[in-house]
Structures are given as structure tokens and as C-alpha cells.
Amino acid sequence: MQKKTFKILDMHCSNCPMILESIEDDLVGIKQISASYARGSMVVEFDETLLNVDQILAAINKKGYQAELPAA
């Protein structure tokens, strides 16, 4: 399992986290997901044998949001 934090660039209301968290229904391999409007971020724990970061970013984009991984 991997856990990644994504910076969500364009959340604009308190309903946005719920929309973002719905990618769990679209992608196989997500164990846990938690989005925060206050922090402007989303933490995803996923099985890296079933899913990769690019697929998660694409799913976020499909929901109408832009995301990036913070610089390490």
C-alpha cells in the first residue's frame, strides 16, 4: 500500500471534498481517501499493484479539479 497527499488547486466550496472522494467508486485499488477543503488537499491510500498516481490524477481531473503532488 502507498499513501500520497495531493494538493487540490481549485476547491471552491465545502462540497468539493465529497465530489473528490467519489473517485473511490471509479477506481479499483483505493483503500482509503480523505479530502479536506480547509487544507486544499486529498490523501489517498491505494494498492500500487492495481493503481498508480497518474490514474488517480486523471480521475481527479475527470471530476473537474486540478491536482499535483507537493514537491518532496
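Side notes on the structure shown:
- Number of residues in region 51-65 that are surrounded by fewer than 12 Cβ atoms within 10 Å (Cβ to Cβ) and not in a helix (DSSP H, G or I) equals 1.
- Among residues of region 1-20, those that are under 14 Å from GLN66 (Cα atoms), out of contact with any Lys or Arg (no Cβ under 6 Å at 6 or more places or on another chain) and surrounded by fewer than 18 Cβ atoms within 10 Å (Cβ to Cβ), counted: 5
- Count of residues meeting criterion [free of Cβ contacts under 8 Å to residues at least 60 places away in the same chain and either part of a helix (DSSP H, G or I) or of a type in the set (D, E, K, R) (or both)] in region 1-36: 13
We did not get these values from a lab; they are worked out from the coordinates using the rules stated. Because the structure is a prediction, the values reported are computed rather than measured. Cβ coordinates were reconstructed from backbone atoms using ideal geometry, including for glycine residues, and neighbour counts include every protein chain displayed.
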